[in-house]
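Student: Sharing a structure here in structure tokens format.
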Amino acid sequence: MNKGFSIGLTAALAFIMAILVGTCAPAVAQKERLLYSFDGANGAYPTASLIPDAAGNLYGTTSGGGAYNEGAVFELMRKAGGHWTERVLHSFKGGADGAYPSANLIFDASVNLYGTTYAGGSNAEGTVFQLAPKADGVWTEKVLHSFGNGKDGEHPEAGLVFDATGNLYGTTYEGGANGLGTVFELIPKARGKWAEQVLHSFSGKDGASPYAGLITDVGGNLYGTTNTGGADSFGTVFELTPKAGGGWTEQVLHSFNGTDGKNPDAGLIFDASGNLYGPTQDTMFELIPKTGGGWTEKVLYNSGSTSGLIFDGAGKLYGTTYVGGTTGYGTLFELNRKADGKWTYLTVYSFLGEADGDGASPYAGLILGASGHLYGTTYRGGGAGLGTVFEFTP
């Protein structure tokens, strides 16, 4: 288990007591279906969310397993009759090609996959990689950048995001000028080369240890969270804005103080009005932009999540918890806005664990399929106890 994941798990365990004393609503009718169980050779211990292609096939990473036990990239292909078939697209060897991918993947317009590994690469501090499909169905991996060169970032825990011109952006948990993590950009160059530059090195006062990835708005601004740092050392929400003459300006939108949330290790989402939503270790929050500048934080619910949040078509928020529920193996929950603007929290599924052939300990966020069904991964559980892919019907 990598360092950043251990920190995230430690944070998740902190709110189990709130679940056990009954602050969450009991589970309702279970509508979960196990799609696949990892067995080690085909991957183990997924910590990242999934992405779909146009045909509804699912792609993801496992932080362990694969041919060399250094992690893998996999595809789940939808078959007739509701069945799914898995294949490993790439097994990491642990050397120059990377090791221990713990983040989600993204596609480009040519259906190439991009992601990060926590370790490996030429400096053993992690990589950004590309997987390109060939005509014969085989995928070829290429390392675009190896971290750990001088004041570069180290150990990316999160996935990547494209801007409108094809540049890639991400975060590293450590490294940079102060050793407290970075925001970086990868710029495509001629002959398939990429150039990396550090856009921001965190200092502690403006945040530290960004565990989650970034999101962008229509203006090309970047938004994210840091796990620690800020005015009270409980983490921050930040924005990076490109300057007209080059360079970027960082602004802390909110510093958590421990009562309104602490130690966020998941990313953010926007609603249609431009408000930001996310979880911390022990709260769900909303950040609302104010006229004339600044943001106002609102705590939606005093219970945290191990994953990012996602909206469904009806405006409900969904997420997962690594522990808790009726069995202690974690939950899938729903937040529903009431007419008075308050939110109600409902545990809609409690994972049963490997003893019952179900998943356990979901660490990653969910995705919404075209059918309105939710898809996700669990870190443990399944037939071999090495994690699963599941489907949930709201």
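The values are calculated or read from the model by the stated rules, or taken from the named source; none is laboratory data. Note that this is a predicted model, so its numbers are computed, not measured. We place every Cβ from the backbone using ideal geometry, glycine too, and count neighbours over all the protein chains shown. Ligands, DNA and RNA are excluded from the accessible area calculation, which covers all protein heavy atoms including side chains. Shrake-Rupley method; radii C 1.70, N 1.55, O 1.52, S 1.80 Å.
Student: Quick check on my filter: what residues within region 150-173 are closer than 22 Å to Thr47 by Cα and open to solvent by 40 Å² or more (accessible area, probe 1.4 Å)?
Tutor: Across region 150-173, the qualifying residues are Glu154, Phe162.
Student: Open to solvent by 30 Å² or more (accessible area, probe 1.4 Å), assigned to a strand (DSSP E or B), within 26 Å of Thr378 (Cα to Cα) and among the polar types (S, T, N, Q): is that true of Thr320 in this structure?
Tutor: When the stated conditions are applied, Thr320 does not pass them.
Student: Restricting the search to region 370-394, which residues are open to solvent by less than 10 Å² (accessible area, probe 1.4 Å) and polar (S, T, N, Q)?
Tutor: Within region 370-394, Thr377, Thr378, Thr388 meet the criteria.
Student: Could you list, in sequence order, the residues of region 266-313 that are within 15 Å of Ser255 (Cβ to Cβ) and of a type in the set (Asp, Glu)?
Tutor: Result: Glu297, single match.
Student: When the residues of region 342-356 are narrowed to those that are hydrophobic (A, V, I, L, M, F, W, C) and assigned to a strand (DSSP E or B), which ends up surrounded by the most Cβ atoms within 10 Å (Cβ to Cβ)?
Tutor: The qualifying residue surrounded by the most Cβ atoms within 10 Å (Cβ to Cβ) is Val348.
Student: Also, I was wondering about something else. Would you confirm whether or not region 173-183 contains a residue that is β-branched (Val, Ile, Thr), within 24 Å of Thr306 (Cα to Cα) and assigned to a strand (DSSP E or B)?
Tutor: Within region 173-183, one or more residues are β-branched (Val, Ile, Thr), within 24 Å of Thr306 (Cα to Cα) and assigned to a strand (DSSP E or B).
Student: If you don't mind, there's one more thing I want to ask. Give me the pairs: first residue in region 375-394 and more than 11 Å from Tyr45 (Cα to Cα), second residue of a type in the set (Lys, Arg), beta-carbon distance under 7 Å, and six or more apart or on different chains, which are they?
Tutor: Here the result reads Phe390/Arg33; Glu391/Arg33; Phe392/Lys31; Thr393/Lys31, each pair linking region 375-394 to a residue that is of a type in the set (Lys, Arg).
Student: Among the residues of region 294-305, what is the count of those that are under 20 Å from the mean Cα position of the chain (by Cα) and open to solvent by 10 Å² or more (accessible area, probe 1.4 Å)?
Tutor: Count: 0.
Student: What number of residues within region 323-341 satisfy the criterion of being open to solvent by 50 Å² or more (accessible area, probe 1.4 Å) and in contact (Cβ under 8 Å) with a residue 24 or more places away in the chain?
Tutor: 3
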